[in-house]
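A.B. asks: Take this structure, written in structure tokens, and hold onto it; I'll ask about it next.
The values are calculated or read from the model by the stated rules, or taken from the named source; none is laboratory data. Source: prediction; values computed, not measured. Cβ atoms come from the backbone with ideal geometry, glycine included; neighbour counts cover every protein chain shown. Surface accessibility is based on the protein's heavy atoms, side chains included, excluding ligands, DNA and RNA. Shrake-Rupley method; radii C 1.70, N 1.55, O 1.52, S 1.80 Å.
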Amino acid sequence: MTQSKKKGTRDEFLEERLDRVDGWVQEGKIPFSSKVIPVNESFPTQQRVLPTEQVIQILRKARSFALTSCECRERYQRCESPLDVCFIINDEADKYVTEKKARPITIEEAEEVLHKANDNGLVHLTLNKPEQHVFAVCSCCACCCHDLQFLREYGRSDLIAHSEYVAHTDMEACTQCGDCVERCVFGARVWEEEQMSYDSTRCYGCGLCVTVCPNEATVMQQRQKKNRV
Ligand code: SF4
Ligand code: SF4
Ligand code: SF4
């Protein structure tokens with residue numbers, strides 16, 4: 001199936017990848033291409049299950065894991081976000097380490113990498129492929145990431161699953177500074193008619209808007225089960 005981009009020139013690399021992922025989904029080999037995990041800093045410290053902890057748990061449960069460079073940003077070079085923020089696990093990690101394309105790291109080092117990703121406004125995504133399912137835990141930018149481009153350029157919201165959380169904004173506490181608009185790569189927050197407008201139905205639950213709000217007007221809440229992907 002040939003995919004159509006919403007605007008601009010064709011990107012054959014991306015189209016080929018999109019066709020491959022579509023094939024895996026249609027054959028039932030993976031449930032979706034990727035899934036959002038919210039950043040740790042978007043939750044109060046008293047919360048029992050911290051979402052970045054979900055990433056750490058994936059790494060802890062893996063037989064092996066390693067840190068590799070972000071292939072999407074190396075390919076597209078559209079931003080200056082850090083490159084060394086991409087975790088790969090198990091067979092994929094073993095292969096990359098053998099080929100000297102990744103290095104094993106400790107859990108403590110992985111936590112530092114996740115903090116750096118949040119400082120740079122990067123979205124945590126787990127990536128799926130057949131057999132191994134989750135094979136990578138990435139920290140992604142909207143301009144280079146293949147999966148976020150599937151969503152933004154091809155309108156394929158079906159290929160990315162929401163996290164278990166959704167942002168809630170108290171508009172009375174919001175002072176309309178607009179800082180959260182740039183953080184939201186999913187288009188749930190836009191600046192229009194001199195104010196920030198938030199559409200919670202477009203929220204994927206990444207938590208990045210929470211960490212920049214100067215008034216704590218936004219919090220993350222558990223997503224209702226019926227609204228989960
Ligand atoms: S999926 Fe994200 S972190 Fe992984 S290579 Fe692509 S942009 Fe980089
Ligand atoms: S509103 Fe946007 S930035 Fe905030 S949690 Fe939802 S998807 Fe992320
Ligand atoms: S960052 Fe907070 S105060 Fe600023 S526009 Fe967003 S919700 Fe409102």
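A.B. asks: Return the total of residues in the stretch 11-42 being crowded, with 19+ Cβ neighbours inside 10 Å, part of a helix (DSSP H, G or I) and of a type in the set (S, T, N, Q).
C.D. replies: The number of residues fulfilling the criteria is 2.
A.B. asks: List pairs: first in the stretch 213-229 and at pLDDT 80 or above, second β-branched (Val, Ile, Thr), Cβ under 7 Å, 6+ apart or cross-chain?
C.D. replies: Within 7 Å, the pairs are Asn215/Thr175; Ala217/Thr169; Thr218/Thr169; Thr218/Val210; Val219/Val210; Met220/Val210; Gln221/Val166; Arg223/Val166.
A.B. asks: Mind telling me which of the residues Thr169, Thr175, Thr201 ends up being β-branched (Val, Ile, Thr), within 11 Å of ligand 3 (Cβ to nearest atom) and open to solvent by 70 Å² or more (accessible area, probe 1.4 Å)? Full working, then the answer.
C.D. replies: Values: Thr169 fails: open to solvent by 70 Å² or more (accessible area, probe 1.4 Å); Thr201 fails: within 11 Å of ligand 3 (Cβ to nearest atom).
Exactly one of Thr169, Thr175, Thr201 is β-branched (Val, Ile, Thr), within 11 Å of ligand 3 (Cβ to nearest atom) and open to solvent by 70 Å² or more (accessible area, probe 1.4 Å), namely Thr175.
A.B. asks: Would you mind listing the strands (runs of 3 or more DSSP E) fully within the stretch 121-197 where at least 2 residues are in contact with a His (Cβ under 8 Å, 6 or more places away or on another chain)?
C.D. replies: Where strands (runs of 3 or more DSSP E) fall fully within the stretch 121-197 and carry at least 2 residues being in contact with a His (Cβ under 8 Å, 6 or more places away or on another chain), they are 133-140.
A.B. asks: Okay, next question. Among Arg103, Arg63, which is in a strand (DSSP E or B), touching a residue at least 24 places away in the same chain (Cβ under 8 Å) and open to solvent by 60 Å² or more (accessible area, probe 1.4 Å)?
C.D. replies: One residue alone meets the criteria, Arg103.
A.B. asks: Next question, about the same structure. In the stretch 178-198, which residue that is small (Gly, Ala, Ser) and more than 7 Å from ligand 3 (Cβ to nearest atom) is modelled with the lowest pLDDT?
C.D. replies: Top of the filtered list is Gly187.
A.B. asks: Oh, and also: Go through the stretch 204-221 and report how many residues are open to solvent by 60 Å² or more (accessible area, probe 1.4 Å), within 22 Å of Thr126 (Cβ to Cβ) and within 13 Å of ligand 3 (Cβ to nearest atom).
C.D. replies: Total meeting the criteria: 0.
A.B. asks: Only residues that are touching a residue at least 12 places away in the same chain (Cβ under 8 Å) and either open to solvent by 40 Å² or more (accessible area, probe 1.4 Å) or over 16 Å from Ile160 (Cα atoms) (or both): list them for the stretch 116-129, please. Before the answer, list the steps.
C.D. replies: Step one: of the stretch 116-129, the residues touching a residue at least 12 places away in the same chain (Cβ under 8 Å) are 116-118, 120-129.
Once the filter is applied, which keeps residues that are touching a residue at least 12 places away in the same chain (Cβ under 8 Å) and either open to solvent by 40 Å² or more (accessible area, probe 1.4 Å) or over 16 Å from Ile160 (Cα atoms) (or both), the stretch 116-129 yields Lys116, Ala117, Asn118, Asn120, Gly121, Lys129.
A.B. asks: So, in the stretch 66-83, how many residues would count as being farther than 21 Å from Phe13 by Cβ and open to solvent by less than 20 Å² (accessible area, probe 1.4 Å)?
C.D. replies: Of the residues in that region, 2 qualify.
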